[in-house]
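Structure first, commentary second.
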Amino acid sequence: MRFLASIKKECLILLRDKAGLAILFIMPLFLITIMSLIQDAPFKDYKENKIPVLYVNNDNDSLGNIIEKGLRNSGIFSVITEIDGKATTAENTKQAVANGDFRLGIIIPEGATKTMNKSVENRVAKMLAGFGMGEKDSTLLDYARSDSEKQSIEIIILFDPAAKIAFRSSVSSALDKFITRTEMETMLRIFSQKLGEASGIKEQAVIETRPLITLKEIQANESKVAELLTNSVQHNVPAWAIFAMFYIVIPLASSMIKEREEGSALRLLLIPGSHMISLYGKISIYVAVCLIQFFMMMLVGVYILPLLGLTAFEIGTNFIALLLMVFTCALAATGYGFMVGSVFSSHHQAMTFGSVSVVILAAIGGVLVPVYVMPGIMQSLSVVSPLSWALNGLNNVFLRQTNFAGIVPDVLKLSGFFVVMILLSVKFNQMKKYK
Amino acid sequence: MPVAISIENLVHRYNDAEQVAVNDISLEIKEGEIFGLLGPNGAGKTTTISILSGFLKPTQGKISIHGFDVMEQSDESKKVIGVVPQEISLYPTLTAKENLDFFGSMYGISKNELNEKINHYLNLFGLENTGNKRVEQFSGGMKRRLNLIASLLHDPKILILDEPTASVDVQSRNLIIEFLRELNKKGTTILYTSHYLEEAETLCTEIAIIDDGKIIIQGSPKQIIGSQPGFDNLESIFLKLTGKKLRD
């Protein structure tokens with residue numbers, strides 16, 4: 001009965017605190033929606049959004065055409081050959097990239113195919129001469145012996161100065177792939193042609209240029225949802241839901257300080273055993289609030305975000321593990337709120353410390369950006385953040401479809417954190433009581 | 001008469017304070033008394049009451065309430081006392097009834113008994129029509145009355161009041177004083193602090209004036225007035241004994 005009375009009292013106080021309710025329920029909804037929308041584009045960058053590339057084909061021959069075709073078929077680039085209705089030239093392309101209108105420009109020099117063919121023919125002639133074949137073609141051999149191989153084709157790649165190194169290297173390597181393939185195909189074609197001429201066979205051999213070795217990318221987990229890690233919804237919904245849960249430090253600490261300031265905490269100290277019962281009541285209510293918050297965020301991810309053009313949140317299938325993870329996360333968040341509310345004496349101190357500390361713990365815990373994209377030192381630091389344990393545990397449930405045992409380490413860490421926080425807050429309250 | 005509250009050689013020094021707040025106080029309050037603990041600001045009244053209520057650990061000394069050691073048998077001693085703190089100790093966003101319902105439930109009073117008591121006291125203190133109003137909307141006098149009711153729900157044998165009539169209008173003060181008299185007649189021991197000396201003179205059966213943490217005079221109002229020739233009221237004796245220097 002005492003416990004129920006305590007629960008009822010906490011409910012009434014919470015329901016009448018409009019600002020507290022807004023912090024608890026409305027702010028996280030906006031956070032999830034806004035962050036998912038903002039981070040949608042970066043997440044899609046290399047996946048769905050094609051990179052626009054200004055293409056200047058001064059070659060107008062096979063090499064220029066093959067590279068253009070390769071770029072178009074890559075699925076990564078969208079090839080643009082006109083700027084404001086005018087064909088791309090070296091000049092207007094340089095200008096557009098320098099202005100930041102485009103992040104990338106490619107210029108294929110004039111006569112690139114001819115130069116490439118000549119160079120390849122020289123190499124083939126040199127090779128055949130090495131085998132004592134084709135020596136009759138003395139002109140070609142002489143040419144081959146000359147220093148002509150120093151002629152090279154310079155394909156120019158123009159980058160926006162603001163483009164990141166990772167972007168530059170991924171573009172360069174994609175382009176390098178097309179060029180190497182074209183060069184190889186040309187060499188095989190000429191080699192076969194020259195070999196035919198040297199052996200007196202008129203008919204040219206059919207050359208298979210399909211790659212012998214290919215790469216196949218698969219997820220370590222065969223689950224369908226394993227691919228979802230790369231979308232903003234799948235990262236932001238659990239991440240910001242955890243952030244919102246820990247943000248209850250503000251209304252919870254505020255409620256505790258208010259109780260002390262209003263004197264109701266003092267009256268509770270006069271009633272034998274009521275202080276602890278009131279504590280249990282407060283814990284129960286705020287844990288329930290966290291659970292409601294979390295599942296509200298999930299519903300937003302599943303039903304509201306798709307209406308804004310985002311991917312629907314995949315909730316997974318392991319509901320018991322999910323419930324356990326969310327429950328321990330709620331305990332940890334509530335424990336943290338209790339500790340802050342017990343340590344600080346004024347609203348101002350508690351609000352400032354509470355909000356800043358949660359933002360810092362969220363940042364190092366991988367809420368703002370996933371831990372795996374952080375520098376090494378930050379990745380090492382992330383292990384101290386309870387938000388990181390919570391996010392890792394939830395990702396285990398949502399993405400890695402782990403079994404029950406997979407979440408145990410994070411569940412234990414979060415539960416331990418809760419116990420430590422409550423013990424600290426009881427200690428601080430005792431110190432305050434007898435001050 | 002049996003002893004309700006016994007204080008022996010009580011000393012309390014706040015952290016890092018140069019002076020002691022309570023300096024070797026010893027007194028006995030007998031059952032059925034209305035005991036007035038009077039003194040200027042900073043004299044040590046609230047510190048003494050805080051130690052009696054179990055909020056503060058004394059630096060030295062022993063206190064027992066109805067035979068229960070306040071520090072060792074804190075829960076037992078808390079059960080027999082009702083404390084009306086100087087500050088309003090209620091939830092402002094809850095209604096009067098919700099506050100009383102919560103604090104009464106915390107004392108473990110059954111639902112029916114509690115409802116009866118709540119209605120009885122709200123009627124007695126003229127709050128019957130405002131029971132469903134939030135405390136934050138109450139006047140100062142209404143809050144004081146409700147603050148008193150919240151300390152009475154568990155029928156304490158001893159009622160400790162720290163300036164219960166501070167900042168209230170004459171009507172509310174009169175109602176509170178009359179109620180305390182009635183309560184005392186029914187057997188409740190009352191320990192009370194106040195700056196209203198005339199009120200204390202008429203209400204209390206025993207008075208102790210305290211200054212700089214020490215009791216400087218103790219006795220019934222008549223005895224105290226009689227012990228100071230040339231003075232015919234408590235206020236003039238109080239000023240004579242504690243001086244006219246302003247206190248913080």
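For the range A:305-328, the set of residues classified as touching a residue at least 60 places away in the same chain (Cβ under 8 Å), farther than 26 Å from A:Gly406 by Cα, open to solvent by 10 Å² or more (accessible area, probe 1.4 Å) and in a helix (DSSP H, G or I) consists of A:Leu308 only. A Cβ distance below 7 Å, combined with a sequence gap of six or more or placement on separate chains, defines the contacts here; from the range A:329-352, residues that are assigned by TED's automatic domain parsing to the domain that holds A:Phe428 reach residues that are of a type in the set (Phe, Trp, Tyr) and in a loop (DSSP other than H, G, I, E, B) in the pairs A:Ala350/A:Phe344. Restricting attention to the range B:46-62, the residues that are open to solvent by less than 10 Å² (accessible area, probe 1.4 Å) and away from every other protein chain (no Cβ under 14 Å) total 1.
One line per residue, one yes/no per condition, for (1) more than 25 Å from A:Phe3 (Cβ to Cβ); (2) open to solvent by 10 Å² or more (accessible area, probe 1.4 Å); (3) within 11 Å of another protein chain (Cβ to nearest Cβ):
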site	(1), (2), (3)
B:Tyr107	no, yes, yes
B:Leu114	no, no, yes
B:His120	yes, yes, no
B:Gly126	yes, yes, no
B:Thr130	yes, yes, no
B:Arg145	yes, yes, no
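Counting residues in the range B:183-191 that are in contact (Cβ under 8 Å) with a residue 12 or more places away in the chain, more than 14 Å from every other protein chain (Cβ to nearest Cβ) and either open to solvent by 70 Å² or more (accessible area, probe 1.4 Å) or part of a loop (DSSP other than H, G, I, E, B) (or both) gives one or more. Pairing each residue of the range A:257-280 that is facing chain B (nearest Cβ under 9 Å) with any residue that is polar (S, T, N, Q) and in a helix (DSSP H, G or I), provided the two are 6+ apart or on different chains, yields C-beta distances under 7 Å for A:Leu268/A:Ser274; A:Leu268/A:Ser278; A:Leu270/B:Ser53; A:Ile277/A:Ser6; A:Ser278/A:Ser6.
Residues in the range B:80-95 that are in a loop (DSSP other than H, G, I, E, B) and closer than 13 Å to B:Asn147 by Cβ: B:Pro85, B:Gln86, B:Glu87, B:Ile88, B:Ser89, B:Leu90, B:Tyr91, B:Pro92.
Among the residues of the range B:149-198, those that are among the β-branched types (Val, Ile, Thr) and closer than 29 Å to B:Glu113 by Cβ comprise B:Ile149, B:Ile158, B:Ile160, B:Thr165, B:Val168, B:Ile176, B:Ile177, B:Thr188, B:Thr189, B:Ile190. Scanning the range B:9-27 for residues that are of a type in the set (Asp, Glu) and either modelled with pLDDT under 90 or open to solvent by 90 Å² or more (accessible area, probe 1.4 Å) (or both) returns B:Asp16, B:Glu18. Residues in the range B:63-87 that are free of Cβ contacts under 8 Å to residues at least 60 places away in the same chain and within 11 Å of chain A (Cβ to nearest Cβ): B:Met71, B:Gln73, B:Ser74, B:Asp75, B:Glu76, B:Ser77, B:Lys78, B:Glu87. The single residue among B:Lys79, B:Lys45 that is charged (D, E, K, R) and closer than 15 Å to B:Pro156 by Cα turns out to be B:Lys79. Note on the range A:1-56: enclosed helices (runs of 4 or more DSSP H) holding 1 or more residues that are modelled with pLDDT of 85 or more and more than 14 Å from every other protein chain (Cβ to nearest Cβ) are A:27-44.
A count restricted to the range B:63-91 and to residues that are open to solvent by 40 Å² or more (accessible area, probe 1.4 Å), under 19 Å from B:Glu28 (Cβ atoms) and in contact with a helix residue (DSSP H, G or I) (Cβ under 6 Å, 6 or more places away or on another chain) stands at 2. Consider B:Ser77 carefully, then state whether it is touching a Phe, Trp or Tyr at 6+ places or on another chain (Cβ under 6 Å), among the hydroxyl-bearing types (Ser, Thr, Tyr) and part of a helix (DSSP H, G or I). Considered against the rule, which asks whether it is touching a Phe, Trp or Tyr at 6+ places or on another chain (Cβ under 6 Å), among the hydroxyl-bearing types (Ser, Thr, Tyr) and part of a helix (DSSP H, G or I), B:Ser77 comes out as yes. Is it fair to say B:Ser151 is touching a strand residue (DSSP E or B) at 6+ places or on another chain (Cβ under 6 Å) and not hydrophobic (A, V, I, L, M, F, W, C)? When the stated conditions are applied, B:Ser151 passes them.
The values are calculated or read from the model by the stated rules, or taken from the named source; none is laboratory data. Model, not experiment: these values are computed from the prediction. For neighbour counting, all protein chains shown are included, and Cβ atoms are generated from backbone atoms with ideal geometry for every residue, glycine included. When the accessible area is computed, the model is the full protein with side chains, heavy atoms only, and any ligands, DNA or RNA have been set aside. Shrake-Rupley method; radii C 1.70, N 1.55, O 1.52, S 1.80 Å.
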